[in-house]
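Notes for the one structure printed next.
The values are calculated or read from the model by the stated rules, or taken from the named source; none is laboratory data. Bear in mind that the values here come from a model prediction, so they are computed numbers and not experimental data. Cβ: placed from backbone, ideal geometry, glycine included. Neighbour counts: every protein chain shown. The protein model used for the area step is the full one, side chains on, heavy atoms only, and it has no ligands, DNA or RNA in it. Shrake-Rupley method; radii C 1.70, N 1.55, O 1.52, S 1.80 Å.
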Amino acid sequence: VDLRNRRRDNAVHSPNTVLQNRARFDLRRRPGGSGLRIGNVWSNDDGFYRCRVDFKASPTKNSRIHLTVIVPPDSVRIVDETGEEKSSTIGPYILGQTLSLKC
């Protein structure tokens, strides 16, 4: 975001080809301050992000943060020790018998 010689409401946002214009730096004043907003997060958005702020009369400030994207599985398959897929009911099993299921 470039605020040089501009007011906050006229900030210039640089296009980002990596995030395909899904990201925007939110300049609104709110608790916690401004921040990067990423819409429709994808698994490949996982990684390090860097924020650089250049001040007119103070040293530049750099911050790094790692975004971890957790993707739930599409589906769950449960199979027994023979590799046979189970859906809702398993057994019967004899009391004391060993049961082995894999997800």
Fill in: Most to least accessible of Phe48, Phe55 (protein chains only, probe 1.4 Å)
Phe48, Phe55
Worksheet, complete the sentence: For Phe25 and Ser58, extending 7 Å from Cα along the Cα-Cβ vector and measuring point to point gives, in nm, a value of 1.5
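What's the FRET efficiency of Ile65 with Arg4 using the Cβ-Cβ distance as r and R₀ = 22 Å, to the nearest 0.05? Numbers along the way, then the final one.
Details: r = 25 Å, r/R0 = 1.12.
Efficiency computed from Cβ-Cβ geometry: 0.35.
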Item to complete: For every other residue with a beta carbon closer than 13 angstrom to the beta carbon of Thr60, add +1 if it is Lys or Arg and -1 if Asp or Glu, then tell me the sum.
Response: +3
Worksheet entry | For the chain, the spread of Cα positions along each principal axis, largest first, Å | 78, 25, 24
Worksheet item: Residue by residue, what Karplus-based ³J(HN,Hα) values in Hz, rounded to whole numbers, does region 37-46 have, using 6.51, -1.76 and 1.60 with θ = phi - 60° and x for Gly and Pro?
Response: 10, 10, x, 6, 5, 10, 4, 7, 7, 4
Item to complete: Hey, can you grab everything whose amide H is under 5 Å from the amide H of Lys86? Only 5+ residues off in sequence or another chain; H modelled, so Pro and N-termini drop out.
Response: Ile78, Val79, Asp80
Worksheet entry | Signed unit charges on C-beta, dipole axis of region 55-103, positive-most listed residue Thr89, Val79, Thr60 | Thr60
Item to complete: Please calculate how many Å² of accessible area region 61-103 carries per residue, with a 1.4 Å probe and no DNA, RNA or ligand atoms counted.
Response: 94
Fill in: Carbon plus sulfur fraction of accessible area for the chain, probe 1.4 Å, in percent
51
Worksheet item: If packing is taken as the mean number of other Cβ atoms within 10 Å per residue, what is the order of 7-15, 32-40, 69-77, highest first?
Response: 32-40, 7-15, 69-77
